[in-house]
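Novice: Below you will find the structure I want to go over with you.
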Amino acid sequence: MARFISSILFAIILFPVFSQNTDTSSDSDLNKMIHKVGDYMNPYGSYRINFGINDAGYVGMADNASRFGITGALPLIKNLDAIAGIELGARLVDYDETIIFRGDPGYQVGEGNSNLFGRLGYVGIQNKFFSFTIGKQWSAYYDVAAYTDGLFAFGGEASGAFNNGTDGGISGTGRANQLFLLRTNYKNFYLALQMQARSITENSVKIGDTYGGSIQYKSSFGLSAGFAMVIVEDGIDHPRPNQPKSGDKSYVGSLAYEKNNFHIALSYTQFYQHELESITDSTSLYYDGYGSEIFSSYTFGSDKKWRAAILMNILWPAENLLIKDYRMLYFVGEYSYSFGKDSKIFLSVKQDFPRDIFGNSTAETIFAMGFRFSFGY
């Protein structure tokens, strides 16, 4: 049904072009046109709701990065396709920031109060050797950071992908804005190069404002390894929320092993002026530091629909800083059941051991449950 509805919409848009060579009075020709357009498209979506309560009795409910989109490919010339993708995020449940579920907020800077917002939007070309796309899209950096971003409720906070509570669009580490992205692979090696072209600060360089890339090796026996980096060239000393910070650089390396029902992955990140922490109610500090994530899961049952997973995220600043005593550290256990191809119901427990900038340590336990209803994946 979703494919049929999307086909109708695209057919309406393309109808004037097709009608030049089609007898519009013929119902059969219209049906052929609708199905022809549908052959090149893939509608998909995932509605995700989480509910949580902590040991102090505070509760929260939120859309957990719900999204709906369409991808498509059309033959351009021989052995070369034109490709495009559009993805909208949805936040239809009132958001209570008492309970923070993920590092990725799901939306761009400035769209936090919107019920519908843009997550992805790109066009490009591809063949069997490479793809080249432009627009807002998943970065080369996230190719490697994603190794450990495997839980349904929590995580993704120590890899540098979603820095400062954003989707990584400004820094180019998550869903990067205004991105030129080239991907290619040779046998088991995968290479991606990226550049952001924009004019959002007075330090905008002539061609590219950030540069980055990733290289990965994926073996036939389940081992994967990757390294990625992003360097900001147009940063300023005192940026607004929609501007990059001067000196912003981030590097991440990841390893993963997946065989049969078992999966384990770890990442290590080193960053400069990439994360932001509050000093007082009116003052915040960008800082250098390090991060690490460890993720492991095991699927079981005769139909392999059950999964148990654990995660650790830790982030700490470099030495000799005003906030050198700060630390983010938490552990998560998650238990889930899959119904349908990519729909889930899950329970999670997060044990948090944060330390503030003065070195004061507290502990918090969060219990969460959630649902994902998906199609098209």
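The values are calculated or read from the model by the stated rules, or taken from the named source; none is laboratory data. For clarity, every value in this text was computed on a predicted model and none was experimentally measured. When we count neighbours, we look across all protein chains shown, and the Cβ atoms used for this are built from the backbone with ideal geometry, even at glycine. Heavy atoms of the whole protein, side chains included, go into the accessibility calculation; ligands, DNA and RNA do not. Shrake-Rupley method; radii C 1.70, N 1.55, O 1.52, S 1.80 Å.
Novice: Could you list, in sequence order, all residues of the range 173-218 that are over 15 Å from TRP138 (Cα atoms) and of a type in the set (D, E, K, R)?
Specialist: Scanning the range 173-218 gives LYS187, ARG198, GLU202, LYS206, ASP209, LYS218.
To keep it simple, each residue is scored yes or no on (1) in contact (Cβ under 8 Å) with a residue 40 or more places away in the chain; (2) in a loop (DSSP other than H, G, I, E, B).
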site: GLY150; (1), (2): yes, yes
site: ILE170; (1), (2): yes, yes
site: GLN194; (1), (2): yes, no
site: TYR211; (1), (2): no, no
site: GLN216; (1), (2): yes, no
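Novice: From the set of residues in the range 270-285 that are in a strand (DSSP E or B) and modelled with pLDDT under 95, which is surrounded by the most Cβ atoms within 10 Å (Cβ to Cβ)?
Specialist: First pass over the range 270-285, keeping only residues in a strand (DSSP E or B): 270-278, 284-285.
This time we only want the ones that are modelled with pLDDT under 95, so: 276-278, 284-285.
Working: LEU276: 16, GLU277: 19, SER278: 13, SER284: 12, LEU285: 17.
Only one residue tops the list, namely GLU277.
Novice: Out of all the residues in the range 67-89, is one or more more than 26 Å from ALA176 (Cα to Cα) and aromatic (Phe, Trp, Tyr)?
Specialist: No, the conditions are met nowhere in the range 67-89.
Novice: Let me ask something else. Looking only at the range 174-191, count every residue that is closer than 24 Å to HIS263 by Cα and either outside any loop (DSSP other than H, G, I, E, B) or open to solvent by less than 30 Å² (accessible area, probe 1.4 Å) (or both) and tell me the total.
Specialist: We begin by selecting, within the range 174-191, every residue closer than 24 Å to HIS263 by Cα; these are 174, 185, 187-191.
Okay, now just the ones that are also either outside any loop (DSSP other than H, G, I, E, B) or open to solvent by less than 30 Å² (accessible area, probe 1.4 Å) (or both), so 174, 185, 189-191.
Looking only at that region, the number is 5.
Novice: Something else about it: Only one of these conditions is not met by SER267: (1) in contact with a helix residue (DSSP H, G or I) (Cβ under 6 Å, 6 or more places away or on another chain); (2) open to solvent by 30 Å² or more (accessible area, probe 1.4 Å); (3) of a type outside the set (Val, Ile, Thr); (4) closer than 30 Å to PHE300 by Cβ. Which number is it?
Specialist: (2)
Novice: Among residues belonging to the range 345-373 that are in contact (Cβ under 8 Å) with a residue 60 or more places away in the chain and hydroxyl-bearing (Ser, Thr, Tyr), point out the one that is surrounded by the most Cβ atoms within 10 Å (Cβ to Cβ).
Specialist: Quick first cut of the range 345-373, residues in contact (Cβ under 8 Å) with a residue 60 or more places away in the chain only: 346, 348, 350, 357, 364-373.
If we keep only those that are hydroxyl-bearing (Ser, Thr, Tyr) as well, we get 348, 365.
On the way: SER348: 24, THR365: 13.
If we take residues in the range 345-373 being in contact (Cβ under 8 Å) with a residue 60 or more places away in the chain and hydroxyl-bearing (Ser, Thr, Tyr), then SER348 is surrounded by the most Cβ atoms within 10 Å (Cβ to Cβ).
Novice: Being open to solvent by 40 Å² or more (accessible area, probe 1.4 Å) and out of contact with any Ser or Thr (no Cβ under 9 Å at 6 or more places or on another chain) is the filter here, so list the residues in the range 287-300 that pass it.
Specialist: So the first thing to find is which residues in the range 287-300 are open to solvent by 40 Å² or more (accessible area, probe 1.4 Å), and the list is 288, 290, 294, 298, 300.
Once the filter is applied, which keeps residues that are open to solvent by 40 Å² or more (accessible area, probe 1.4 Å) and out of contact with any Ser or Thr (no Cβ under 9 Å at 6 or more places or on another chain), the range 287-300 yields ASP288, TYR298, PHE300.
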